[in-house]
Number of protein chains: 2
Amino acid sequence: MCTLDVLNIKRKMSFPVSIYVLSVWLGFLCVMFVCLWSGTWRGGFAWDGSFLQFNWHPVLMVTSLVVLYGNAILLYRVPLTWSRWWCKRAHAGLLFVAMVLSVLGVCAAFDFHTANNIPHLYSLHSWTGISTVALFTLQWFVGLCAFLLPWTPLAFRAHLKPLHIWMGIAIFILSLITSLSGINEKLLLTLNGRNGSNTKPYATLPAEALFANSFGIAVVIFGLLVLKLLFGQKWKNPESENETDRPLLTDAR
Amino acid sequence: MCTLDVLNIKRKMSFPVSIYVLSVWLGFLCVMFVCLWSGTWRGGFAWDGSFLQFNWHPVLMVTSLVVLYGNAILLYRVPLTWSRWWCKRAHAGLLFVAMVLSVLGVCAAFDFHTANNIPHLYSLHSWTGISTVALFTLQWFVGLCAFLLPWTPLAFRAHLKPLHIWMGIAIFILSLITSLSGINEKLLLTLNGRNGSNTKPYATLPAEALFANSFGIAVVIFGLLVLKLLFGQKWKNPESENETDRPLLTDAR
């Protein structure tokens, strides 16, 4: 048995499966929470410039930039029996889906603003949000060119890898920050008599506020669990340490 | 020259001083931003139950839970010539000041709410905020008992250390999340014709909104720089690896 096999077995034994299972369930819970909030409490979905179109925004952003993104970055920690070849493709593929959904989510908000003469990008939530989506898109394309296409010099890959990892973590933390300020903003604007809503004010903590605040807390706990698993050095796949040593697509040739 | 000396010299050489200096300056900038926002744009300070009392809240929370806290957790990364003895005391001392200021900051908000018949703890910002302060206070007292008092069993210290480190990071991320949603909330409530303010609405992005949004972005960049420095494994003080092997106060006896 080679050293890598022994290290992999040790990693599998020490990986906290309970925390991982909890994070997966919390991810599902977050998607369920945001779908119920938008779909039931806020009246459902449409793509007609109304508030029903805006409802796509939280659903798409949380599903993409929090839940799918969190699971995509965890792929390098979960002790799967997949080869590096499959792990990289699953990572890039999951993030591609996340990127498409996040761009759609931004479009839902922008279209709604345009249809209702609301200025774009004025709140701090929108400033951090647009930065997150822009950095994520840039990171995905740079990652594709550097780590998936075969003609990138190996020295460049090796130099880029630490920055790619750190940018990935920073984008996830930015997503958490943006999600929480977004939920807070939506509740402040919707429950305080604006946006044509006749609910009780936020300060009286009606059932919707309790529901959406709990959703926000679930997002935070999910994020912190993902980061906890991500920073466990001993759960790092030893094979992935040398992944910049050779181009990836040559494996498939 | 012993192995530890060589490791420390290597660490000092590789530590990115430019990023550290930038983070220190950004910390000062954040304190300056929040003081100017509350002190000038929002009318200054008082402790009389008015909005001037609430102005202490952002100043005290950002100064304590973001800037002081960030610098306190970085103490274990910056290649100081201090001994472990001084490093631990500076860490605990700085966090004690941060804890006192954060509790004062919470009191400023609660007193203001009570004086103006505003319910406490209704927004998602307040839920994450109170959790952050409660976890921080618990973490400080547990840290004091476990790592500073000499009668804690060494085995307990060794078991607690990874949890203490992770909780510290989680509390810092919670602080960033809470700060950003707090700045967003304050602008939404203040600039949209509530709270007796006659400024232009937030959506028209008046000068105050631009200023406070930029302050929020500075907080995010400061937080991400601190976390970047914190996660650099090669900058870890090799001496601190064994810090749970012996009680700290026996050093001073």
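The values are calculated or read from the model by the stated rules, or taken from the named source; none is laboratory data. Just so it is clear, the model here is predicted, and its values are computed rather than measured. Note that each Cβ is placed from the backbone with ideal geometry, even for glycine, and that neighbours are counted across all protein chains shown. Side chains are part of the model used for accessible areas, which takes the heavy atoms of the whole protein and leaves out ligands, DNA and RNA. Shrake-Rupley method; radii C 1.70, N 1.55, O 1.52, S 1.80 Å.
Do we have any residue at all in segment A:159-168 that's under 12 Å from the mean Cα position of the chain (by Cα), within 14 Å of another protein chain (Cβ to nearest Cβ) and within 18 Å of B:Val220 (Cβ to Cβ)? Checked segment A:159-168: at least one residue is under 12 Å from the mean Cα position of the chain (by Cα), within 14 Å of another protein chain (Cβ to nearest Cβ) and within 18 Å of B:Val220 (Cβ to Cβ). With the structure loaded, tell me whether A:Leu176 is among the aliphatic types (A, V, I, L, M), outside any loop (DSSP other than H, G, I, E, B) and modelled with pLDDT of 95 or more or whether it fails that test. For A:Leu176, the condition - among the aliphatic types (A, V, I, L, M), outside any loop (DSSP other than H, G, I, E, B) and modelled with pLDDT of 95 or more - is met. Of all residues assigned to segment A:104-127, none qualifies as being within 17 Å of the chain's Cα centre (by Cα), at pLDDT 95 or above and over 30 Å from B:Pro201 (Cα atoms).
Restricting attention to segment A:122-155, and to residues there that are under 15 Å from A:Phe110 (Cβ atoms) and part of a loop (DSSP other than H, G, I, E, B), which single residue is most open to solvent (accessible area, probe 1.4 Å)? Selected residue: A:Tyr122.
Does A:Leu210 satisfy being under 23 Å from B:Trp127 (Cα atoms), modelled with pLDDT under 95 and either within 8 Å of chain B (Cβ to nearest Cβ) or in a helix (DSSP H, G or I) (or both)?
Numbers: under 23 Å from B:Trp127 (Cα atoms): yes; modelled with pLDDT under 95: no; either within 8 Å of chain B (Cβ to nearest Cβ) or in a helix (DSSP H, G or I) (or both): yes.
Answer is no for this residue.
Residues in segment A:24-56 that are β-branched (Val, Ile, Thr) and touching a helix residue (DSSP H, G or I) at 6+ places or on another chain (Cβ under 8 Å) were compared, and the one that is farthest from A:Thr190 (Cα to Cα) is A:Val24.
Collect the residues in segment A:104-122 that are touching a Gly at 6+ places or on another chain (Cβ under 9 Å), of a type outside the set (D, E, K, R) and in contact (Cβ under 8 Å) with a residue 60 or more places away in the chain, keeping them in residue-number order. Hits for segment A:104-122 are A:Phe112, A:Thr114, A:Ala115, A:Asn116. The set of residues in segment A:57-103 being part of a loop (DSSP other than H, G, I, E, B) and either under 20 Å from A:Val142 (Cβ atoms) or without any contact (Cβ under 8 Å) to a residue 60 or more places away in the chain (or both) consists of A:Leu75, A:Tyr76, A:Leu80, A:Thr81, A:Trp82, A:Ser83. In segment A:169-191, is there at least one residue being in contact (Cβ under 8 Å) with a residue 12 or more places away in the chain and of a type in the set (Lys, Arg)? Within segment A:169-191, one or more residues are in contact (Cβ under 8 Å) with a residue 12 or more places away in the chain and of a type in the set (Lys, Arg).
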